[in-house]
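This report refers to the structure that appears directly beneath it.
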Amino acid sequence: MRRVYLDHTATTPLDPRVMDAMRPCFSGTFGNASSIHAYGREAREMLERARGIMAGAVGAEPAEIIFTSGGTEADNLAIAGVMSAASGRDGIVTSRAEHHAVLEPCRLMAEKGKRVAFLPVRESGAVDMDALAHAVGGGTALVSIMHANNETGTVSDIPAIAALAHGAGALMHTDAVQSAGKIRVDMTELGADLMSLSAHKMYGPKGIGALVVKRGTPLEAILHGGGQERGRRPGTENVPLAIGFAEAFRLSLLEMEEESVRLRALRDAMEGRLRHLFPGIIVNGDPAPRLPHILNVSFGAAEYPLEGDMLVMSMDLEGIAVTSGSACTSGSLEPSHVIRAMGRDENTAKATLRFSFGRGNTMEDVAYAVEKLGLVVGKMLRNRVP
Ligand SMILES: Cc1ncc(COP(=O)(O)O)c(C=O)c1O
C-alpha cells in the first residue's frame, strides 16, 4: 500500500545527512565532554562546535545556548527557572493556545501561588493584544507566548509582544519549536530573552532541544547535579545529539527559502482542493500569518458531523498519516484546546484535521490524500446513523 506521511508537525524523519554527522560521535569521539583528558577534550570540542552553529542560527552568543532533552524541558526550564529567580514579581502572562509544555508548568506555578493569566486568543489563533496590554503590568515577571502554533501554524507578532513585556519590565519567553527552521527565529529581531527549540521538528534527532537565554537573564536550574551547561542544566552532555541538532538546523536554514516556497505550494494546493470538495470547511488560522507547511481544517459541524479521530483512523487505513489535534493529545478524545480557544464549538473542534507537509512530500501526495479523504468522508457521511 502507498504510504504518505503528512504529520511533520508531530515529528520529522531523521535526515540521512544528520545521521552521517552524528555517527562518528557515537563510537570514535565517545568521551565525556567534562573530562579533562584527550577523549574529553575531543568531545568538548565537538560540543562547542555544535553550540556555535546553534548560536549563529538564532543570532545569539554560544554561551547563551543551553542544551536540554527537548522542547518540553526547554519550556519548563524557561518558566520554572525564571519564576524561581524572579524577585519582587510573581506574575506570568501566557495564552490559552500554548503547547501543553508551557500550559502545564504555568498551571503548576499557579498552584504554587504565582499569579498566572491565561489570555484568550482571537479567531486567527493570535493572542488578543488588548487583553495582553491589560494583563502585563508591574507585577509581571514573565510573558510566554509561542512564536508559531503547532496545530494551526499561526505566527504571533513576537516583536510587538516583547516590546509590551519589556515596557513593563517583564522578561519575554517564546516557544519557537515549530517555527525554527521554517521561518527566521533571530533572538534580537524577535526581542526574546528566552527561546525554546527542539531538534526532531527539523529532521534532527529526538531527545534534544535547547533553551536560548540572553546573557544576564536571571534563571535558576530546575535539575540539580553537576555544573554542566554553566550550571543551568546539569547532566552529562549529549554530544552526538547536539551535533545532530546543529547539523539539522544548519541544513534547514540553508534550504529554508526554497523549501518554504515548495511547502507553501503543497499546502495551498491541498487547501484549494479541500475548499472545492467540501464547501463550508473552515481553514483554522487563515488569514493570519501562518507557517508554510501546516493546514488545519474543521469540517463545519452542521454539514459534516464527523469525528476527527475517526477520520484519522480511516485515513490511516488508506496509508495516510494525518492528525486531529496536537500529537501530544492525540489518542484522547478531548477536542483540541487550541481550536476551542479560537472560539470554535466542541463539535467543530472535534471535526478537525491537521495536515503538515515536509521534505518528502510531493504534489502527487496531495492529490492522493485529497482523493482518499473524499472517499473516506463520503463513506462516513453515508454510514452515519441519522
Ligand atoms: C510548540 C511545541 N512546543 C513544545 C513541544 C515539545 O517538544 P519536544 O517534543 O521536543 O519535547 C512541541 C512538540 O510537539 C511543540 O509543538
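The angle between the Cα long axis of helix 71-85 and the main principal axis of the chain comes to about 50°, on a 0 to 90 degree scale. If you look for lysine pairs in the chain that are eight or more places apart or on different chains, how many of them have Cα atoms under 24 Å apart? Lysine pairs satisfying the spacing and distance rule in the chain number 7.
Using a simple spin-label model with pseudo-atoms 7 Å out from Cα toward Cβ, Glu48 and His100 lie 4.0 nm apart. Hey, what angle do you get for helix 158-167 against the long axis of the chain, alpha-carbon based, 0 to 90 degrees rounded to 10? Result, in degrees: 50.
Label sites at Arg115 and Ala265, each approximated as a point 7 angstrom past Cα along Cα to Cβ, lie 5.3 nm apart. Each of the peptides 276-287, 114-125 was scored by the mean count of other Cβ atoms within 10 Å over its residues; in descending order, highest first, they stand as 114-125, 276-287.
Residue ranges 355-361, 69-75, 316-322 sort as 69-75, 355-361, 316-322 when ordered by packing (mean number of other C-beta atoms within 10 Å per residue, highest first).
Spin-label model, Ala302/Arg384: points 7 Å from Cα along the beta carbon direction are separated by 1.3 nm.
With θ taken as phi - 60° and the Karplus curve 6.51 cos²θ - 1.76 cosθ + 1.60 applied, the whole-hertz 3J(HN,Hα) list for region 130-136 is 5, 5, 5, 4, 6, 7, 7 Hz, x standing for glycine and proline. The distance linking region 206-282 with region 65-85 is 15 Å (Cα centroid to Cα centroid, whole angstrom).
The H on the amide N of Gln228, modeled in the peptide plane, is under 5 Å from the matching H of Gly235, each at least 5 residues off or on a different chain. The share of C-alpha pairs in the chain whose separation exceeds 37 Å stands at 23 percent.
Counting every other Cβ atom within 10 Å of each residue's Cβ, Tyr304, Tyr203, Tyr368 order from fewest to most as Tyr368, Tyr304, Tyr203.
Put in order of Cβ neighbour count within 10 Å, fewest first, the listed residues Lys201, Lys112, Lys206 become Lys112, Lys206, Lys201. Each residue of region 356-361 was assigned a 3J(HN,Hα) from its phi angle through the Karplus expression (A = 6.51, B = -1.76, C = 1.60, θ = phi - 60°), giving 9, 8, x, 4, x, 7 Hz with x at Gly and Pro.
Residues in region 259-271 carry Karplus couplings, in order, of 5, 5, 5, 5, 5, 4, 5, 5, 4, 5, 5, 5, 4 Hz; the curve used is 6.51 cos²θ - 1.76 cosθ + 1.60 with θ = phi - 60°, and Gly or Pro positions show x.
What does the net charge come to around Gly204 if you take all other residues with beta carbon closer than 9 Å to its beta carbon, with K and R at +1 and D and E at -1? The answer is 0. Taking each DSSP H run with n ≥ 4 as -39500 (n - 2.57) and averaging over every residue of the chain yields -13000 deg cm²/dmol at 222 nm. Remark on Asn284: its backbone amide H falls under 5 Å from those of Asn296, Val297, Ser298, a criterion applied only to residues 5 or more positions apart or on other chains, H modelled at 1.01 Å from N. Counting only DSSP beta bridges with both residues in region 16-251, the antiparallel share comes to about 40 percent.
Residues His37, His147, His173, His337 in ascending order of nearby Cβ atoms (within 10 Å, fewest first): His37, His337, His147, His173. In degrees, nearest 10, range 0 to 90: what is the angle between the Cα axis of helix 16-27 and the longest Cα principal axis of the chain? In the chain, helix 16-27 runs at an angle near 40 degrees to the longest axis.
Calculated FRET efficiency, Arg41 to Leu254, Cβ-Cβ distance, R0 = 30 Å: about 0.55 to the nearest 0.05.
Kindly identify region 266-386 as rounded, prolate or oblate by the Cα gyration tensor criterion: order the square roots of the eigenvalues as a ≥ b ≥ c, call it rounded if a/c is under 1.5, otherwise compare a/b with b/c, prolate if a/b is larger, else oblate. Rounded is the answer for region 266-386, as its axis ratio a/c remains below 1.5.
Coordinate-derived values only; no laboratory data. Being a predicted model, the structure only gives us computed values, none of them experimental. Reconstructed Cβ throughout: ideal geometry from the backbone, glycine too, with neighbour counts over all protein chains shown.
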